[in-house]
Amino acid sequence: MKILKLLTTAAVIALAAPVAGAATPNPLAWQNKKLSPDARADLLVRAMTLDEKLLVVTSYYGTQGDWNHYRDPLARRQSAGFVAGVPRLHFAPQWQTDAGSGVATQGVAAPDLQRTALPAGILTASTWNPEMAVRGGAMIGAEARASGFNTMLAGGVDLLREPGNGRNFEYGGEDPLLAGTMVGAITRGIQSNRIITTIKHFAFNDQETRRTTVNILIDEPAARMSDLLAFQIAIEQGNPGAIMCSYNLVNGEWACQNDWLLNKVLKRDWGYKGFVMSDWGGMHDTVKNALNGLDQEAGVQQPADYVYRDKLKAAIADGRVPEKVLDDKVHRIARALIASGAADDVPTADNPIDFAAHEKVSQADAEEGIVLLKNDGHVLPLAGAAKRIAIIGGHADVGVLTGGGSAQVYPRGGSPVTGEGPKQWPGPHVYAPSSPMKALQAERPDARISWASGGDLEKAAATAKDADVAIVFVTQWTAEGMDFPLTLPNEQDALVDAVARANPNTVVVLETGGPVLMPWIDRVKGAVEAWYPGSKGGEAIARILAGKVNPSGHLPVTFGRAATDWPRASIDGANRGEKEVFDVRFSEGAAVGYKWFDKNGTTPLFPFGHGLSYTKFTQGGLKAAAKSGTITASFSVRNAGSVAGKQVAQIYVSPVGGGWEAPKRLGGFAKLDLAPGQSKTATVTVDPRLLGMWDSARPGWKVAGGKYRVTLATSATDPGTSVIVSLPASHLPVGRGAAK
Ligand code: BGC
């Protein structure tokens, strides 16, 4: 009796329950922390009944509200997904939450989960600082755990091929090295909280219009050298517990039942040991899903819709799917949760959160990722002589914009702007209550700040005229499930023009989800890309404008001058039938972003890698050598100005004789923090895959022997300085030694 009293109720139930796997004498043996995650996952799988295994591979909505869907009572509020646990075996449920900017609120109509909004993923990528991404990831992961979640759906790394893609704000830009490195770093940060996260959307989910029926056509070499390389780098560097397959088709098959993508590329070639979960409702066919690599179906709305559960049970019963295939799925899921620590340290909901500390992390990220695009005549930082400052438009009097859809974080304090944008998901427009205007007034108590909403052009012009400098805020709300024109909405171009005509010292601050067109750029003195800058974005913008912070963000994407600068001037799909599967061919192949612009000799409005500073840097002393089949480059950077600042030095590589998909590729980068007058040296080793071409005949990368140009530059269009290095021919295996 006494002994029994000491046991927890759950343990009593467990001991009393019938032992499932005859080979497993103790069903709780998997809890032995001395064993490897693989060994523990094996024990757990062996102890489970078939029905228990089927529970673990099925996730359904966690969100409450008036949607017509089933919700488990154990699901956590406002969450994306819930997977039942196995109480008998002390295996906890999976509580799944979006997304890359923090703990998101599904169904913005009932925002009762207010959390810290990290800036958009594209802003974090603009920091070019993996350390910053780790810190940001650690912060949102801590909020996820404190809110009771053990699985984040964060880590978007699809390359920016379509400048109008509504989810560009969630991703890491257009370059596989930069996007993979930054998303890998966010992943490490999130998972440092003993939870797992999910790199997504695998793969080529580069447009939102008709995303469930668009069939992306791309040949294997191009695929391996572009989006897939971004995923591969992010996975190697971040070791995510899960990968989310995407809604679209790739080369004729839906991504979540695509044997090539899931079984061959991800699991075989890359040796990926985590699990694949579907995007919400991205399943089509039980047997194909099961055999072609999907481990967990997600986003089931009604029990009758399950692709796994009953249907998989039937397929196992009649032999269409061997039970060992299900065992492998459960093993992968269990292993990920065990290896991360989440299975042993199960999160509880509603723990206190240190919002003040977390908002500082968000602000630091914003301050390092906001990009100073243009600064003629040193209009910024605002000089002491600028005593009358006009702030116009973009709701800058009350807040900063956030991106919509499943990644929507509802920021603490609530949105100061209501009633704008779509009434239904992915709307409405949500602003973080962080006013750039008020923050600027706090920075510059000596200045007279005047305000105009921008709705009335005459008033805006009059306000601008009566000021030493006019700062116009323009916004472009973007969101999941939709794509967007590159022209700013609501005639904001006319607003900028009206202000610029009234005041020669006009600065434009952009809050956009990706590149937009700026027909007025030659008529303004300054431009700042603030993206969606998160919970303290207003403070970050103000401190940059006032010169408290020296901007050091650099573009992770190319800004063109016209939609026709990109491979497709518009996104196909709007006029397609709901169920019509249609092709979009990525004829640019791996020549994405600056590579496409380079190849076509198109001059961008602002190039990839571009970002100005309030100080001046000089870069030099470039040396490069061939070593172990790759190139190592070292160089020095000096702060030649009078204020401290951070420089992003970029190394581009190109074969002297050509032969790549585009003239050059980003081979490495380093962000250096320099006091006035200070010099630092840096060494960058080029990932050898960036020196090769994909070889389908002998899967791997073929590096051609010959001469390579190594360039030290400040952007993709800066000629910089170059040296030539000779490399011997080599061949790199596909998985860089990963298990086959
Ligand atoms: C999105 C995913 C998201 C999921 C759960 C889907 O609509 O594409 O990115 O994680 O919903 O909210």
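The values are calculated or read from the model by the stated rules, or taken from the named source; none is laboratory data. Just so it is clear, the model here is predicted, and its values are computed rather than measured. Neighbour counts are summed over all protein chains in view; Cβ atoms, including those assigned to glycine, are modelled from backbone coordinates with ideal geometry. The protein model used for the area step is the full one, side chains on, heavy atoms only, and it has no ligands, DNA or RNA in it. Shrake-Rupley method; radii C 1.70, N 1.55, O 1.52, S 1.80 Å.
Brief remarks on what is shown
- Within the stretch 130-147, the set of residues being out of contact with any helix residue (DSSP H, G or I) (no Cβ under 6 Å at 6 or more places or on another chain) and either outside any loop (DSSP other than H, G, I, E, B) or closer than 18 Å to G173 by Cβ (or both) comprises E131, I140, A142, E143, A144, R145, A146.
- Residue within the stretch 61-82 that is open to solvent by less than 20 Å² (accessible area, probe 1.4 Å), at pLDDT below 95 and aliphatic (A, V, I, L, M) present: yes
- Qualifying residue in the stretch 300-311 (condition: charged (D, E, K, R), closer than 17 Å to G81 by Cβ and open to solvent by less than 30 Å² (accessible area, probe 1.4 Å)): no
Matching residues to (1) touching a Leu at 6+ places or on another chain (Cβ under 7 Å); (2) polar (S, T, N, Q); (3) assigned to a helix (DSSP H, G or I):
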site	(1), (2), (3)
L159	no, no, no
G172	yes, no, no
G189	no, no, yes
R194	no, no, no
F204	no, no, no
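- Filter result (open to solvent by less than 10 Å² (accessible area, probe 1.4 Å) and more than 16 Å from the ligand (Cβ to nearest atom)) within the stretch 184-216: G184, A185, G189
- Matching entry among A470, A502, A479, A462 (being away from the ligand (no atom under 16 Å from the Cβ) and either among the polar types (S, T, N, Q) or buried (at least 22 other Cβ atoms within 10 Å of the Cβ) (or both)): A470
- Residue check for A47: modelled with pLDDT of 50 or more and surrounded by 14 or more Cβ atoms within 10 Å (Cβ to Cβ): yes
- Qualifying strands (runs of 3 or more DSSP E) (wholly inside the stretch 662-740; at least 3 residues being open to solvent by less than 20 Å² (accessible area, probe 1.4 Å) and modelled with pLDDT under 95): none
- Checked against (1) within 25 Å of D673 (Cβ to Cβ); (2) surrounded by 15 or more Cβ atoms within 10 Å (Cβ to Cβ), V592 meets all criteria but (1).
- Residue tally, condition in contact with a helix residue (DSSP H, G or I) (Cβ under 7 Å, 6 or more places away or on another chain) and of a type outside the set (G, A, S), over the stretch 298-319: 7
- Q94 passes every criterion in (1) surrounded by fewer than 24 Cβ atoms within 10 Å (Cβ to Cβ); (2) over 22 Å from P551 (Cβ atoms) apart from (1).
- Matching residues, the stretch 282-329, being touching a residue at least 60 places away in the same chain (Cβ under 8 Å), over 17 Å from T197 (Cα atoms) and in a loop (DSSP other than H, G, I, E, B): G282, Q301, Q302, Y306, Y308
- Test: N251 is surrounded by fewer than 24 Cβ atoms within 10 Å (Cβ to Cβ), among the polar types (S, T, N, Q) and away from the ligand (no atom under 14 Å from the Cβ): yes
- Filter result (away from the ligand (no atom under 12 Å from the Cβ) and open to solvent by 10 Å² or more (accessible area, probe 1.4 Å)) within the stretch 170-183: L177, T181
- Every listed requirement among (1) open to solvent by 10 Å² or more (accessible area, probe 1.4 Å); (2) more than 13 Å from the ligand (Cβ to nearest atom); (3) assigned to a loop (DSSP other than H, G, I, E, B) is met by P119 save one, (1).
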